[in-house]
């Protein structure tokens, strides 16, 4: 194996294949959409390019259909498991990244009126309630299955974050409505 540079997308691919077994890029895309895509977002195009790159480096094997769509199915090699294991044992050196368009808009919200802020906050609270409902659905389906016990721990973090964000956005909406009402009374 050469000194290949491995990043988060590499480990998503290696980890997904290690968990689910031989997979096509489409299988990986579906797996990510239904599981870790809720807390680790990246372009799905990487799930098509990265397995091929990892196979060239000996971390995955590639089996290509002879006919039809000529799908490629990837499986993890011993070298891939070794790289994944080493990465899993490393202590993360960085803090959580938060890229939230609603918070970005809120940061610049002094440039719009209070009605716009209240609308943004109500919209964001609704979006987080919908995500919480999705997490609860996933928990209802998989949360009590022992074989998924570790994977579903991430749902518990999701529950806490979504509930906190719902509370936060509801408070922003209430504060914006109160401020807007006060401004209308004083004018």
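One line per residue, one yes/no per condition, for (1) free of Cβ contacts under 8 Å to residues at least 40 places away in the same chain; (2) under 30 Å from residue 135 (Cα atoms):
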| position | (1), (2) |
| --- | --- |
| 5 | yes, no |
| 8 | yes, yes |
| 14 | no, yes |
| 18 | no, yes |
| 23 | no, yes |
| 44 | yes, yes |
| 54 | no, no |
| 58 | no, no |
| 64 | yes, no |
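Let's see how each residue does on (1) closer than 18 Å to residue 158 by Cβ; (2) more than 13 Å from the chain's Cα centre (by Cα):
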position: 13; (1), (2): no, yes
position: 16; (1), (2): no, yes
position: 37; (1), (2): yes, no
position: 43; (1), (2): no, no
position: 55; (1), (2): no, yes
position: 58; (1), (2): no, yes
position: 65; (1), (2): no, yes
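The requirement of being closer than 17 Å to residue 161 by Cβ, exposed (fewer than 14 other Cβ atoms within 10 Å of the Cβ) and not assigned by TED's automatic domain parsing to the domain that holds residue 156 is satisfied by residue 41. A count restricted to the range 140-160 and to residues that are surrounded by 16 or more Cβ atoms within 10 Å (Cβ to Cβ) and modelled with pLDDT of 95 or more stands at 0.
The values are calculated or read from the model by the stated rules, or taken from the named source; none is laboratory data. Source: prediction; values computed, not measured. Methodologically, a virtual Cβ is constructed for each residue, glycine included, from the backbone with ideal geometry; neighbour enumeration extends over all protein chains shown.
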